[in-house]
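J.: Submitted below is the structure of interest, expressed as structure tokens.
Each reported figure results from applying straightforward, stated rules to the coordinates on display, with no laboratory input. Computed from a prediction, not measured in an experiment: that's the story for all the values here.
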Amino acid sequence: MTRTAAIELGDCTHHNLKQLKKINSVVFPVSYNDRFYLDVLESGELCKLAFYNDIVVGAVCCRIDTLGHQRRLYIMTLGCLSPYRRLGIGTVMLNHILNYVENDGNFDNIFLHVQLNNEGAIAFYKKFGFEVVDKKQNYYKRIEPADAYVLQKNLKNIPEGTTSAIIQQNGTTMNGTSSSIDSN
Ligand SMILES: CC(C)(COP(=O)(O)OP(=O)(O)OC[C@H]1O[C@@H](n2cnc3c(N)ncnc32)[C@H](O)[C@@H]1OP(=O)(O)O)[C@@H](O)C(=O)NCCC(=O)NCCS
């Protein structure tokens, strides 16, 4: 008997929060604090667990961010366990988030940080139209390389010349997202 594998997304709740913590601790070299997980419980469609044949194998967590007049979606974490990669699970999670911002209709862009050497993730995001727009030196603490790329996908047409201004502004006023992030 052959059976097609099912990839599904489910809500993050008090009941499965430990599974989300476990996934994030295995997939990311960075640890997330209690505040992060409390916020997740209030995030609705912006935080989802990914199931592969009913097993939790991945998760995505995002938050809404502002920069000047821009309304942005920040992907804090999006990942799946390594044995389950290249099966389309990341695509299902990212498409969920892209559908969310499209249905909302009021986001200027969607962005995230990746470690400089994370070639797989960079290739993954580029496939969906993300571009490297900035490089943050010493973004990560206690992991190497410490620098991060900012990957961004614009959702609205930006007048020419504005992007560089945004990048310069990013260095100082990104609601905390430009500051260094702690690692395990
Ligand atoms: C990045 C990540 C989420 C991708 O998830 P995934 O489930 O493997 O992705 P998909 O199977 O949906 O891949 C879709 C496409 O992205 C590209 N891609 C994904 N991983 C890639 C890799 N390691 N190298 C090159 N291209 C890659 C491919 O084009 C792939 O299509 P294909 O398999 O048909 O060639 C996963 O590698 C991961 O969890 N990495 C660790 C966490 C992380 O670094 N997250 C990014 C920061 S938030």
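J.: Expected output is a single nm value to one decimal: the length gained when fully extending between Asn16 and Thr91, i.e. 0.36 nm times separation in residues minus the C-alpha distance. What is it?
T.: Details: separation 75, 0.36 × 75 = 27.00 nm, distance 2.21 nm.
That works out to 24.8 nm of additional length.
J.: Going by amide H atoms built from the backbone, whose H comes under 5 Å of the H on Thr77, apart from near neighbours?
T.: Hits under the 5 Å cutoff: Cys61.
J.: Per 10 Å bin from zero, what fraction in whole % of the C-alpha pairs of the range 85-139 is there, up to the bin with the longest pair?
T.: Pair shares across the bins are 19, 50, 28, 3.
J.: Quote the Stokes-Einstein diffusion coefficient, in whole µm² s⁻¹, for the range 41-169, based on the Kirkwood radius over alpha carbon pairs, a temperature of 37 °C and a viscosity of 0.692 mPa s.
T.: Diffusion coefficient, whole number: 210 µm²/s.
J.: Among the lysines, which fall within straight-line cross-link reach of Lys127, defined as a Cα-Cα distance under 27 Å, with same-chain neighbours fewer than 8 residues apart omitted?
T.: List returned: Lys48, Lys135, Lys136, Lys153, Lys156.
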